[in-house]
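Structure first, then comments.
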Amino acid sequence: PKALYGELLVEDEKIRKYLDNRLNRTPPNAFVSDIHIERTREELKVIVRTARPGLVIGPKGAEVDRMTEELQYMTGRKVSISIIEIREPDMDAQLVAENVAEQLKKRMGFRRVVKMRTESVMQAGAKGVKIQISGRLGGAEMSRRMDVRLGALPLSTLQANIDYGFAESLTTYGIIGVKVWIYKGPYSSEQEENQSNAAGAQARARGRR
């Protein structure tokens, strides 16, 4: 319902912040890339994409059960949590950005960190990658930006499957922003059809409002 849209948006943000703090900001890091929320009349479905599903699930499912209970208490709704494993973390732009940010926080050389990560992404099977970091790099007095790019990265993204991720690293010199683009190749016919169907469904939904 339109009347509840703002309320549900705030609730979604609270859920994402809670899960991000619990799984990504508290050791050990579960490397969660994305938290997707779906709603039905009966329940609230939370889909978590992670490179370490075992940490999210916990021994005998104890961790995921605990999170389910806490989210149900937080929202007053029935909650179900599904876990999707990311089998190739180096092909996930958000995880790559988070990894670079974490290494910078540990005061590792920024040039070396970015070079290693771009090479790892290409070795994982990417067609191209670009990593951009900006801030007081290496403790410099002036803020600056550095870009490292390998392979192809098409300017037109309509038919190109490009994954994007962003993270921030809180260093002793201030915040360093990390942006990552990974080009996985052109969309397949099936992927293009799914995108077209999704766009059509959104247009029909807008027309019914």
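The values are calculated or read from the model by the stated rules, or taken from the named source; none is laboratory data. It should be emphasised that the depicted structure is a prediction, and the values quoted were computed from it without experimental measurement. Glycine gets a Cβ as well: all are built from the backbone with ideal geometry, and neighbour counts include every protein chain shown.
Filtered by the rule that a residue be of a type in the set (S, T, N, Q) and either under 24 Å from ARG52 (Cβ atoms) or assigned by the TED database to the domain that holds PHE31 (or both), segment 89-136 gives GLN94, ASN99, GLN103, THR118, SER120, GLN123.
Checking each residue in segment 70-95 for being touching a Phe, Trp or Tyr at 6+ places or on another chain (Cβ under 9 Å) and under 30 Å from THR118 (Cα atoms) picks out ILE86, PRO89, ASP92, ALA93, GLN94, LEU95. Restricting the first member to segment 166-190 and to residues that are without any contact (Cβ under 8 Å) to a residue 60 or more places away in the chain and under 20 Å from SER156 (Cβ atoms), and the second to residues that are exposed (fewer than 15 other Cβ atoms within 10 Å of the Cβ) and among the charged types (D, E, K, R), no beta-carbon pair is closer than 7 Å while six or more apart or on different chains.
With respect to LYS105, is the statement that it is under 21 Å from the mean Cα position of the chain (by Cα), in contact (Cβ under 8 Å) with a residue 24 or more places away in the chain and surrounded by 15 or more Cβ atoms within 10 Å (Cβ to Cβ) true? Here the answer is no, as LYS105 does not meet what is asked. Only one of the numbered conditions (1) outside any loop (DSSP other than H, G, I, E, B); (2) surrounded by 17 or more Cβ atoms within 10 Å (Cβ to Cβ); (3) more than 19 Å from the chain's Cα centre (by Cα); (4) not small (Gly, Ala, Ser) is violated by ILE176, and that is (3).
Listed conditions (1) at pLDDT below 95; (2) within 21 Å of the chain's Cα centre (by Cα); (3) among the polar types (S, T, N, Q) are all met by ASN197, apart from (2).
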